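Let me begin by presenting the structure, written as structure tokens, before commenting on it.
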Amino acid sequence: YAQLHTLAKAAGLKYFGTATDNNELTDTALVAALSNTSEFGQITPGNSQKWDSIEPSPNTFAFTNGDVVTALAKKNAQMLRCHTLVWFQQLPAWVQNGTWTKETLTAALQNHVTKTVTHYKGQCYSWDVVNEALEQDGTFRKSVFFTTIGEDYIRIAFEAAAAADPDTKLYYNDFSIENPSPKTTAALNIVKSLKASGTKIDGLGLQSHFIVGSTPSKEVQIANLKSFTALGVEVAITELDIRMTLPSTAALNSQQSVDYQNSVAACVEVENCVGVTVWDFDDKYSWVPSTFPGTGSACLFNENLVRKEAYFGAVAGI
Ligand code: XIL
């Protein structure tokens with residue numbers, strides 16, 4: 001039977017993909033499943049392109065782990081969503097706790113973005129340039145970047161990325177922007193204000209870390225995706241997973257399947273929604289249980305790489 005990426009392409013998407021991470025790549029069964037390009041036509045490095053991995057000390061760059069994931073994508077002929085340049089988490093201490101002025105942090109940010117994007121030039125379908133810049137109430141998150149530079153750090157990051165690789169698509173990526181809310185309005189405003197200043201922004205990534213039973217409906221997700229594409233950017237579902245309170249039950253599993261179906265279908269039905277990426281495809285390596293204790297079973301495949309009801313929901317959504 002046809003699998004996720006094959007189906008997605010036939011339905012007009014560019015890809016169906018998954019996150020992966022370096023610690024998974026010694027698991028041969030996992031690598032075989034990940035490398036099945038009928039299933040996954042795109043991968044995202046889960047951690048190894050983040051600032052703490054790439055530039056652990058000032059102007060000392062460590063691309064080795066990121067390169068392992070990008071080389072795997074190249075070997076498999078899978079697209080790459082590169083992730084992520086400027087984020088308030090997984091920052092090295094020298095950035096997080098440094099003594100900065102607006103000028104010195106701007107220079108450090110520009111150097112990080114320029115050297116990282118240049119290193120991966122030509123390999124990334126897209127870059128998540130800025131990740132999670134917003135609070136739930138729609139105000140800017142008080143990261144070291146915002147408190148030192150002001151909201152202009154976003155424009156500065158996008159301009160440095162555009163200069164380093166004019167051919168990669170530049171995304172703003174965030175969570176809890178999958179239905180209308182003050183945070184979603186603020187994300188729309190980031191797109192509008194970058195465009196108004198003539199800054200290149202190509203895409204908006206909706207992480208879509210959902211909860212079984214409270215996933216936004218297909219109709220709500222469609223209208224919401226269209227609110228972004230109406231501004232002239234493409235959209236992508238970038239980190240889809242749908243967690244449940246454990247233990248799983250038959251009812252939770254079938255609701256999860258419906259939730260996956262609706263989320264995938266929303267992207268399929270929106271012109272300029274280019275693809276869906278799950279935030280790992282198997283429960284064994286999901287970030288969910290350690291991040292949201294008491295919850296889990298959020299992925300399409302179980303710990304033994306067996307396809308779950310959720311998987312067949314995703315298939316039905318395409
Ligand atoms: C997560 C990784 O999956 C974990 O391994 C890590 O410990 C924390 O970060 N939003 C993002 C991703 O943009 O980078 C995060 O990834 C999940 C939330």
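The values are calculated or read from the model by the stated rules, or taken from the named source; none is laboratory data. All figures in this text were calculated on a predicted structure; none of them were measured in a lab. Cβ placement follows ideal geometry from the backbone for every residue including glycine, while neighbour counts extend to all protein chains displayed. The protein model used for the area step is the full one, side chains on, heavy atoms only, and it has no ligands, DNA or RNA in it. Shrake-Rupley method; radii C 1.70, N 1.55, O 1.52, S 1.80 Å.
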TODO: Output the relative contact order of the chain, whole-number percent, from Cα pairs under 8 angstrom with separation of 6+ residues.
DONE: 16
Task: Contour excess over end-to-end distance, with Cα ends at residue 121 and residue 312 and 0.36 nm allotted per residue - done: 65.2 nm
Open item on the list: Per residue, how much accessible surface does the chain expose to a 1.4 Å probe? Answer in Å², no decimals.
Closed with: 38
TODO: Report the paramagnetic label zone for residue 246: residues of region 201-216 whose backbone N is under 16 Å from a point 7 Å from Cα along the Cα-to-Cβ axis.
DONE: 212
Open item on the list: For q values of 0.09, 0.14 Å⁻¹, compute log₁₀ I(q)/I(0) with the Debye formula on a Cα-only model of the chain, without solvent.
Closed with: -0.42, -1.07
Open item on the list: Within 12 Å, Cβ to Cβ, of residue 141, how many net charges do the neighbouring residues add up to if Lys/Arg are +1 and Asp/Glu are -1?
Closed with: -3
Open item on the list: Restricting things to Cα coordinates, could you compute the convex hull volume per residue of region 221-318 in Å³?
Closed with: 94
Open item on the list: From the protein chains alone at 1.4 Å, what is the descending order of accessible area for 81, 307, 141, largest first?
Closed with: 307, 141, 81
Task: Cβ-derived FRET efficiency at R0 35 Å, residue 147 paired with residue 37, nearest 0.05 - done: 0.20
TODO: Taking 7 Å along the Cα-to-C-beta vector as the label spot, tell me the residue 103-residue 185 distance in nanometres, rounded to one decimal.
DONE: 3.8
TODO: Sum up the charges of everything whose Cβ sits under 14 Å from the Cβ of residue 153, counting Lys and Arg as +1 and Asp and Glu as -1, but leave residue 153 out.
DONE: -1
TODO: Do me a favour and compute the ellipsoid semi-axes for region 1-129 from its Cα gyration tensor, root of five times each eigenvalue, largest one first, whole Å.
DONE: 32, 15, 11
- [ ] Report the local net charge at residue 252: Lys and Arg +1, Asp and Glu -1, summed over other residues whose C-beta lies under 13 Å from its C-beta.
- [x] 0
Task: Portion, in percent, of the accessible area of region 168-259 that falls on carbon or sulfur, probe 1.4 Å - done: 58
Task: Within the accessible area of region 17-142 (1.4 Å probe), percent carbon and sulfur - done: 54
TODO: Arrange the residues 118, 199, 99 by how much accessible surface each exposes, largest first, with a 1.4 angstrom probe.
DONE: 99, 118, 199
Open item on the list: Nearest 500 deg cm²/dmol is fine: what mean residue ellipticity at 222 nm does the chain get from its DSSP H runs of n ≥ 4 alone, each adding -39,500 (n - 2.57), divided by its residue count?
Closed with: -12000 deg cm²/dmol
- [ ] Positive end of the charge dipole of region 178-235 (Lys, Arg +1 and Asp, Glu -1 on Cβ, about the Cα centre): tell me which of 197, 212, 227 has its Cα farthest that way.
- [x] 197
Task: Antiparallel %, DSSP beta bridges [both residues in the chain], to 5 - done: 15
TODO: First measure r as the distance between the Cβ atoms of residue 226 and residue 193, then evaluate 1/(1 + (r/R0)^6) with R0 = 22 Å and state the FRET efficiency to the nearest 0.05.
DONE: 0.65
Task: Cβ-derived FRET efficiency at R0 30 Å, residue 77 paired with residue 214, nearest 0.05 - done: 0.20
